[in-house]
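Enquirer: Structure incoming, see below.
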Amino acid sequence: MSYIHPATLNDIQQLCDLLTILFAQEDDFKPDTAKQSVALRQIIEHPETGHILVLRDEQTIIGMVSLLFTISTASGGQAALLEDMIMHPEYRNEGLGSRLLQAAIEQARSAGCLRITLLTDRANDAAIRFYLRHGFAMSAMLPLRLSLDK
């Protein structure tokens, strides 16, 4: 039986394992457990910045999603960035990712968010179809990034 709950500090290693799978399939990011551990700890210890939800099967985390909070002048209030949505490959296509995404949407709604924005790789057709099926729409906006950590 699987269940969804907020991540705890004890979950960080398993979350890093999932992020390694996620970042290995993305062109823009590379797995770095040290960096990911620091960021996960910051989110978990400061829930005003966001939430991490995990989908657990017994003792194993099989999926995760992060919501990070910001203020949107366009929406006139709080908005969320949905990041790091990943299901372990062995548990895909069972409807579990949909459950996790719906929990994240409800979490954002409960936090008073007026919008959720996410980024996915342009070449990840399966992810794009998944998000479109769940009510997300393509944006006319084009994301640009400036790395400040170098």
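Enquirer: So if I take the alpha carbon set of the stretch 79-121, get Rg, then get Rh from the Kirkwood formula, what is the Rg over Rh ratio?
Expert: In the stretch 79-121, Rg relative to Rh is 1.01.
Enquirer: Still on this structure, I have one more. Just how far, in whole angstrom, is the stretch 83-147 from the stretch 31-75 if you go by their alpha carbon centroids?
Expert: 14 Å
Enquirer: Considering the stretch 35-117, what Rg and Dmax in Å follow from its alpha-carbon atoms?
Expert: According to the Cα coordinates of the stretch 35-117, Rg and Dmax are 13.4, 42 Å.
Enquirer: Can you pull out the chymotrypsin sites (Phe, Trp or Tyr not before Pro) in the stretch 75-150 that DSSP calls coil and that have at most 16 other Cβ atoms within 10 Å?
Expert: Values: sites: 91, 130, 131, 136; in loops: 136.
Hits after loop and neighbour filter: nothing returned.
Enquirer: Using just the C-alpha positions of the stretch 69-150 as equal point scatterers, what log10 of I(q)/I(0) does the Debye formula give at each q in 0.11, 0.14, 0.17 1/Å?
Expert: -0.35, -0.57, -0.82
Enquirer: For residue 74 and residue 9, what is the calculated FRET efficiency with R₀ set at 41 Å and r taken between the beta-carbons, to the nearest 0.05?
Expert: The formula returns an efficiency of 0.75 here.
Enquirer: Taking square-rooted eigenvalues a ≥ b ≥ c of the alpha carbon gyration tensor, is the stretch 1-146 rounded, prolate or oblate, where a/c under 1.5 means rounded and, failing that, a/b exceeding b/c means prolate?
Expert: Because its axes are fairly even, with a/c under 1.5, the stretch 1-146 counts as rounded.
Rule-based calculations on the coordinates, nothing more; no lab input. What you are looking at is a predicted structure, and each value in this text was computed from that prediction instead of being measured. Please note: Cβ atoms are built from the backbone with ideal geometry, for glycine as well, and neighbour counts cover all protein chains shown.
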